[in-house]
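Notes to accompany the following structure.
Throughout, read-outs are computed from the coordinates displayed, never taken from laboratory work. Just so you know, these numbers come straight off a predicted model, no measurement behind them. Here the Cβ is made from the backbone with ideal geometry for all residues, glycine too, and neighbour counts use every protein chain on show.
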Amino acid sequence: MSPPTRERVLQAIQRLNYKPNAIARQFVQQRTTILGVLLGDLSNPYYAHMAQVVERAAFGFGYTTMFSNIEGAEEMAVSGVDALLGHRVAGIVFLAFVARRSQVNDALQRAGVPIVFLGLSESWGDSVGPRDAEGGRLATDHLIGLRHRRIAYVRTPLVERTGDRSRFRGYRTAMLRAGLEPLPAFVWEPGTERMRIARRITSLDAALSAPDAPTALFASNDIGAIALIEACELAGLAVPRDISVIGFDDITIARLQRISLTTIAQPLHFQAERAVSLLLERIADPRIQPRHVRVPVALKVRGSTGPPAGARRRARSASTSAYTKR
């Protein structure tokens, strides 16, 4: 149109406060600019943080997000997926584990909607996640470097199976490489009073305070690690004086001075941007073979880890002896 006509149209838009109808535009273009996001319990700070970074990443690509909090329940997951498909989302970001043999998977297969897994390791779709085994080795090597010899990996239900196994494998690799005997995984649900070690069920206090109890705990994620710190303190153990605790994720509250959690950090913002980018590429070309991106992790040393009590006593004794000799 001519410049004068264009100017009159723009003035009319401003005067009437006109807003384009996004839904009508999407019907005309035969595509939406909405990405669905399936996530676990939103009360978990990890999921809340991931939801935030995904929303920012999607916005940077010109997309809006629609969230469905499935809380790990099959019925809620099915309902959430149906709602997302009903709004004709362009693709779905998974922040929650869903079993391959499930109603959710069946519904997605029928719909043919592009998907990407973020922070998860799934072979049947694009995925972006941390190098879990590398993180397990870094965490364990840090504790070994502090002269811990009895180190336990604490498995919580907050980490999907593949990532959890990889972190445990990294723990075992580091222990064996140092000539130490790996312990069986300690299985614990935060807030409960019991812990399973191999096939044995024991009280949490006994697991933490027995004569052969570990002097350091590597929790499968930060939420579990923070809950372990509280459990240790309730059992009369000071962290890190009596027992060290390390986590995995580096969520925001782990950096608070009161918690000061040593942890394995993963670049959440980069992962979110990469996941959204992969999803948009699959939307453009559904025939692309599944791609799996694994990003580096880094050790963040804070106040929840230190040498075991015996090592500190020996160090103080050696220091005193050296002073006496002088």
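Determine one quarter of the surface area of the Cα convex hull of the chain, which equals its mean projected area, and express it in nm² to one decimal. Seen from a random direction, the Cα hull of the chain projects 24.7 nm² on average.
May I ask you to compute the full-extension gain from E281 to R147, defined as 0.36 nm times their residue separation minus their alpha-carbon distance, rounded to one decimal in nm? Let's see the in-between values first.
Details: separation 134, 0.36 × 134 = 48.24 nm, distance 4.75 nm.
Extra length from E281 to R147 when fully extended: 43.5 nm.
Once both labels are positioned 7 Å from their Cα atoms along Cα-to-Cβ, the gap between Q289 and R258 label points is 5.1 nm.
Taking R0 as 22 Å, what FRET efficiency do you get between E193 and R169 from their Cβ-Cβ distance, rounded to the nearest 0.05?
Details: r = 29 Å, r/R0 = 1.31.
The value I calculate is 0.15.
Assuming 0.36 nm per residue, please report the length gained on full extension of the stretch A298 to E230 beyond their Cα-Cα distance. Net length gain for the segment: 22.0 nm. A simple spin-label model places pseudo-atoms 7 Å from Cα toward Cβ; at T64 and L85 they are separated by 2.3 nm.
Spatially, the stretch 109-153 and the stretch 36-84 are offset by 20 Å when compared through their Cα centroids.
Looking at the chain alone, DSSP beta bridges between its own residues are antiparallel in about 20 percent of cases. Put a dot 7 Å past the Cα of A206, heading toward its Cβ, do the same for Q11, and the two dots end up 8.6 nm apart.
What is the magnitude of the charge dipole of the chain about its Cα centre, with +1 placed on the Cβ of each Lys and Arg, -1 on the Cβ of each Asp and Glu, and no other charges, expressed in debye to the nearest 20?
1200 debye
Return the single residue from Q257, Q14, Q103 with maximal mean-square fluctuation; model: Gaussian network over the chain, springs between Cα atoms under 10 Å. Among Q257, Q14, Q103, the largest mean-square fluctuation in the Gaussian network model of the chain belongs to Q14.
Residue-normalised convex hull volume from the C-alpha trace of the stretch 38-156: 133 Å³ per residue. Classified by the C-alpha gyration tensor, the stretch 127-205 has an oblate form. Its axis ratio a/c, with a ≥ b ≥ c, is 1.5 or above, and a/b does not exceed b/c.
Packing order of peptides 164-172, 206-214, 54-62, highest average first: 164-172, 54-62, 206-214 (average count of other Cβ atoms within 10 Å over each peptide's residues).
Counting residues in the stretch 128-171 as N, plug N into 2.2 N^0.38 Å and put the Cα Rg over that result.
Values: Rg = 10.8 Å, N = 44, 2.2 N^0.38 = 9.3 Å.
In units of the 2.2 N^0.38 Å rule of thumb, it is 1.17.
Obtain the radius of gyration and the Kirkwood radius of the stretch 163-223 from its C-alpha atoms and give Rg over Rh. Result: Rg/Rh = 0.96.
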